[in-house]
Every structure is written in C-alpha cells, then in structure tokens.
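To keep things clear, I will list the structure first and then write my remarks on it.
The values are calculated or read from the model by the stated rules, or taken from the named source; none is laboratory data. Keep in mind that what you see is a predicted model, and the values were worked out from it rather than measured. A quick note on method: Cβ atoms are made from the backbone with ideal geometry, for glycine too, and the neighbour counts reach across all protein chains shown. Remember, those area values only see protein heavy atoms, side chains included, never the ligands or the DNA or RNA. Shrake-Rupley method; radii C 1.70, N 1.55, O 1.52, S 1.80 Å.
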2 protein chains.
Amino acid sequence: MSTAAATRRGVPEASVARLPVYLRALAALADEGTESVSSEELAAAAGVSSAKLRKDLSHLGSYGVRGVGYDVERLASEIATALGLTQDWPVAIVGMGNLGRALAAYRGFAERGFRVIALLDRDPRVVGERVSGSRVRPMADLAALVEGEGLAIGVIATPPESAQEACDALVAAGVRSVLNFAPVVLTVPDAVVVRKVDLSTELQILAFHGQRLAVAEAVAP
Amino acid sequence: MSTAAATRRGVPEASVARLPVYLRALAALADEGTESVSSEELAAAAGVSSAKLRKDLSHLGSYGVRGVGYDVERLASEIATALGLTQDWPVAIVGMGNLGRALAAYRGFAERGFRVIALLDRDPRVVGERVSGSRVRPMADLAALVEGEGLAIGVIATPPESAQEACDALVAAGVRSVLNFAPVVLTVPDAVVVRKVDLSTELQILAFHGQRLAVAEAVAP
DNA sequence: ATATGTGAAATTATTCACAGCT
DNA sequence: AGCTGTGAATAATTTCACATAT
C-alpha cells in the first residue's frame, strides 16, 4: 500500500487527533535546531508512549530510520501533508459576541495557517461594524464566500439558541467543516464534519476527577 | 455493588466525557417542562445512540423505569451528583492576555456552577488592574487561595512559553485540576488531572477530514 | 548497538439483541 | 406492550515484545 493510499484510507481517528500534537512538538524541536529525534524523545515531548507514537506514525508511512530515529523537518512535513495543511483553509467566524470577538483577535489561526477571511453576524446592528480590522458581514454573504473565496471552515461562536441556525446557513452555503463553540449538539448531514470546543464540559470532567481524587485520598491518605 | 461504589469505582472515561452532554440535554428538557424521557429521545438530543446512552447511565446506577423511561429531574440530579457538581468548585484563571480576559468575561462558568474566585497574572504591570470587576492578583496569592478559599481548578490562559511555569505554581499551591488553553503539553504529577482545550488542534483535525471529503468526492462525485 | 515498524495480545469502547420489569 | 439494563459479540485502541533494518 502506497503512502498516499494509507493516508486516504483509514488513519484511525484516535491517531489523527494526536498528529497535531506531534506536529507542534516537532516545530518546537526544529526551532531549537534539533535535526533528528527518536520516538522515545518525541513521545515524551508530546506526552504519549513511544509505542503509541510509532503506531500512529506507521499509519502515515515509514519515515524513520531504524537505529537512528526521525528527521525532524521531514517528519513535520509528512505530518503536515497527511493533515492537509499544505493547502489553504479559509475560515469564517459566525457570531460577533464576546467569544467571536476574542476569536477574531486571536493570532493562533494565522500562525497555524488558517486564514480568517470573514467575520459574520445575523444581527443587522452588528453588520458593518469593524472588528479586529474587518467589517462584519451579513449571513447572506456566505454563499459568495464559499464560491468566490473557497471558504472551507465555519467557526460557530453564536449563543446556543442560534447555533443550529448558523450551522444550517454554513452547510447550505457549502461549508463541510464546522468548529462549534456553542454548548449545543448540532445536527448536520453526513458529509459535514463537526468538532466541538466546550468549556463547561471540560470543567465538569475536571470536577468528576477532582471528586474521585478527594475520595481516594480520604480512603488512603 | 452500591451506587456510590459504582460511581467511585470506574465509570469509563469515555462515559464521563458524555455525562455533561446528557446533563445539558436534560436541562433543556426540564426547561421546556418535559417530565419524562426515553433513552431514545434523550440519546437523539445528545447526539449519541440509545444503546450507548443506556450503557453510560448503567455505570451510574439504575434510575430508569422499564417500559416508561427516565424522570428528567431525577436523572439530571443523579448525573450532577456523579459528576461532583453538588459541591462548589472555585476556579482561578491565570494569564490576563486576550484569552484570559475573554474567559474572565465569560458567563458560562457561573451558569454551570463554577465560581471564578480569582484572576492572576505574573506580570507586576498587570497585577492590580481591574478585569471584569475583579482586581488581578499576583501568583504569590495562589497558596492563600487554595488554603482560604478552597481553590480547586486552575485555568491556564497564558502564552505557551509560561504555561508550564503557571501550571507548576498551581500544582505547588495544591491545585489538582487544570484546564489548559495554552498549546503545550504540560508535565504534572500523577495526582493532578489536566484537560486541554486547543483551537488549532481542532482546526487541524477539521483540515484532515476536509481533505478526506475532497478526495472522496473526486473519486465518487 | 540501537531504534524503528509491526504482528499479536490485552484492554477499552461500542453495538447488538433480548431477558426482565412495569 | 414497551423500554430499560445488561450479558455477549464486535470493533477500536493501546500496549507488548521482537524481528528487522541501518
């Protein structure tokens, strides 16, 4: 099986979710001038076991050298290719409340190669306002953004009540990838991929573990 | 095995991660006055299969009625208890950059019962400033916050370079639960639980799937 | 000598399908 | 008659351990 085939055919979801972490660790190593790295070292930097790292990388192809390790630049480039980061992924942020404005000001998108090409809001009182140097656009512009500018990823930063509506508008315009910050479950066609970022879910999971720790300590201090 | 024992002994991690979603769906049902719900309905609202929902709930105990379904209030209360949400979880946010300020202004913490009791920054020029009605405090205050106010959860909103330092300070002060927004892997002792929220990782996962979809469509449009 | 890549084993998670209870 | 709770079956993921390549 060729590398390209391996990439297109299934890379397990759990592996995909870790590739960005490896990529970041590799970028840090490259920054400090490291040229070669072993699976043990890279795994430590990424916070996983070396066996897991090697298994993950094996789904992309065979880019290491036995007895030596991995070339940092090469591996970073292969992971970036597997993730599809060699192409452009124009992003639009929908919902210009507190969160939307914070995201619009966030530099992390651009740093990772995601170009924010539009900020949108459904409220006519917000449309036209300048946020982080861009004019806020109406939802009706979505179709043109997909057609004309290749808009590929929609970020939903609306209040929960309007998140599904925002999502429907994105999907209707042809967006196939959605990052949802609203604390609701979105309904989308099969062809659309949704990822969720949810603060309060994370806090609740922490509460669960915090409670477990407290109980464990009470039993065996 | 008693319910309490079931809760304390392992609820699978994958189930724990879904409990907050069920809780939110139940809250929405309660809001609209629904008193009883079947696993099928609740599962649909939470975006999972009914078998998965029932299996997840079975780890908490047996709170449904065969042939009938679940009492919405009761189930919500049981899940809240399992998650440890009946107790107070004081939160501190470390790092008063853009993200830290956005988080400080975010109402979602309080709505879910997480009380933000302190905002901190290591920069003396920021300490003392007022953010969202609170005075920003120095890192040296952490120990007193844990001792005196029961600080339990630390939110790291610093730049990546200082995230480990912030984390170390939290852990040294006695915080056992950390929510990390900085795009770095944190090193902590076993007794500390870290959850990560990472925008660019999520975007990269979307890019991977977007690429897959594009390829699939090219092959079979 | 050393570190990768990978089958095989072990563990964890999901789905199936139905017995058991209301 | 209907819906939960759960063993059993299946699938996914992780870990082990070593043959293989340099």
7 Å along Cα→Cβ, label-point gaps from A:Gly47 to other copies, nm, shortest first: 2.3
Once the Cβ-Cβ distance between A:Glu129 and B:Arg130 is put in as r, and R0 is 22 Å, what FRET efficiency do you end up with, to the nearest 0.05? 0.30
Starting from a label point 7 Å past Cα on the Cβ side, list the distances from A:Ala143 to the same position in the other copies, nm, shortest first. 6.5
Cα gyration tensor shape of chain A, rounded if a/c is under 1.5, else prolate or oblate by comparing a/b with b/c: oblate
Which order do peptides A:167-174, B:164-171 fall in by mean Cβ count within 10 Å, highest first? B:164-171, A:167-174
State, to one decimal in nm and shortest first, how far the label point of A:Ala14 sits from each corresponding label point in the other identical copies (label point: 7 angstrom along Cα-to-Cβ). 0.9
Report the charge-dipole magnitude of the protein assembly as shown in Debye, nearest 20, computed about the Cα centre from +1 at each Lys and Arg Cβ and -1 at each Asp and Glu Cβ. 300 debye
Summing -39500 (n - 2.57) over every DSSP H run of at least 4 residues in chain B and dividing by its residue count gives a helix-only mean residue ellipticity at 222 nm, to the nearest 500 deg cm²/dmol, of -15000 deg cm²/dmol
So if we plug the beta-carbon distance of A:Glu149 and A:Arg107 into 1/(1 + (r/R0)^6) with R0 = 30 Å, what FRET efficiency do we get, rounded to 0.05? 0.90
For the protein assembly as shown, fraction of C-alpha pairs farther apart than 29 Å, in %: 53 percent
Lys/Arg Cβ at +1, Asp/Glu Cβ at -1, dipole of the stretch A:95-201 taken about the Cα centre: which of A:Leu186, A:Gly150, A:Phe114 is farthest positive-ward? A:Phe114
Under unit Cβ charges (Lys, Arg +1; Asp, Glu -1), what dipole magnitude, rounded to 20 debye, does the stretch B:91-201 have relative to its Cα centre? 400 debye
Inter-centroid distance (Cα atoms) of the stretch A:102-174 relative to the stretch B:7-45, Å: 31 Å
For the protein assembly as shown, compute the number of Lys pairs whose alpha carbons are separated by less than 23 Å, excluding pairs fewer than 8 positions apart on the same chain. 5
Please identify the DSSP H helices in chain B that span no less than 18 Å along the helix axis (Cα) and have a mean Kyte-Doolittle hydropathy of 0.5 or more. B:13-31, B:199-219
How much accessible area per residue does the stretch B:21-129 have, counting only protein heavy atoms and a probe of 1.4 Å, in square angstrom? 50 Å²
Ordered by number, the GluC sites (Glu not before Pro) in the stretch A:22-71 that occupy a DSSP loop and have at most 14 other Cβ atoms within 10 Å are A:Glu32, A:Glu35
Taking 0.36 nm per residue of separation and subtracting the Cα-Cα distance, what length does fully extending B:Glu165 through B:Ser77 add? 27.9 nm
Nearest the rotation axis from B to A, which residue of chain B has its beta carbon, and at what whole-angstrom distance? B:Ala102, 2
